[in-house]
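Below is one structure; the comments refer to it alone.
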Amino acid sequence: MSQALLIDSDILIDHLRKEQSALVYIQQEIDDASPLFMSVISRIEILSGARKGEDETIQSLFDILTSVDVDLAIADEAGEYMRKFRKSHALSIGDAVIAATVKEMGMKLVTRNIKHYPMKDVEIVKPY
């Protein structure tokens, strides 16, 4: 079985917008039996930008992913990332939480937004 993957919001949004690269990537990971996760931060971002009539499609996507809540270890690590990278890299709290989730849970982060994650201790996969 493959290492667990936390899928970032940009990839999930591409999937919802039927971007072929995202559809193929997610399907390949499902076929490979990769454990797929999403942060509750991504859930918030997707729901906040949902278009009218997308509720069912969004729920179908959420159903194939395991959501990861923010616990104290993730919150503490996100705070450390914010202290280190907020000023130098304009790190957002959301991206700090996502990176901390990946680190604390031993996952890989799947994103196209590599510049949002300057942490050296987070493994990033750029899927397309």
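Figures for the structure shown
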item	result
Unique residue being closer than 23 Å to K126 by Cβ and in contact with a helix residue (DSSP H, G or I) (Cβ under 7 Å, 6 or more places away or on another chain) when the list is V70, V24, V102, V110	V110
One residue from V70, V97, V102 being within 14 Å of I41 (Cβ to Cβ), of a type in the set (A, V, I, L, M) and surrounded by fewer than 18 Cβ atoms within 10 Å (Cβ to Cβ)	V70
Any hit, segment 47-65, residues being small (G, A, S), surrounded by fewer than 12 Cβ atoms within 10 Å (Cβ to Cβ) and under 17 Å from E123 (Cα atoms)	no
Scope segment 65-118; condition more than 23 Å from L16 (Cα to Cα) and charged (D, E, K, R); matching residues	D71, D76, E77, E80, R83, K84, R86, K87, K103, E104
Residue list for segment 55-77, restricted to those being part of a helix (DSSP H, G or I) and within 30 Å of Q27 (Cβ to Cβ)	D55, E56, T57, I58, Q59, S60, L61, F62, D63, I74
From I41, I124, I30, I93, residue being free of Cβ contacts under 8 Å to residues at least 24 places away in the same chain and under 16 Å from L5 (Cα atoms)	I124
Residues (part of a helix (DSSP H, G or I) and over 16 Å from V40 (Cα atoms)) located in segment 81-94	Y81, M82, R83, K84, F85, R86, K87, S88, H89
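Table: residues versus (1) modelled with pLDDT under 95; (2) farther than 23 Å from A100 by Cβ; (3) touching a Ser or Thr at 6+ places or on another chain (Cβ under 9 Å).
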site	(1), (2), (3)
I7	no, no, yes
L23	no, yes, no
Q28	no, yes, yes
P35	no, no, yes
M38	no, no, yes
R43	no, no, yes
G53	yes, yes, no
V68	no, no, yes
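Here's the yes/no breakdown for (1) in a helix (DSSP H, G or I); (2) at positive phi; (3) touching a residue at least 24 places away in the same chain (Cβ under 8 Å):
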position: G79; (1), (2), (3): yes, no, no
position: V97; (1), (2), (3): yes, no, yes
position: T101; (1), (2), (3): yes, no, yes
position: R112; (1), (2), (3): no, no, yes
position: P118; (1), (2), (3): no, no, yes
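The values are calculated or read from the model by the stated rules, or taken from the named source; none is laboratory data. This is a predicted model, so every value here is computed, not measured. Note: ideal-geometry Cβ built from the backbone for every residue, glycine included; neighbour counts use all protein chains shown.
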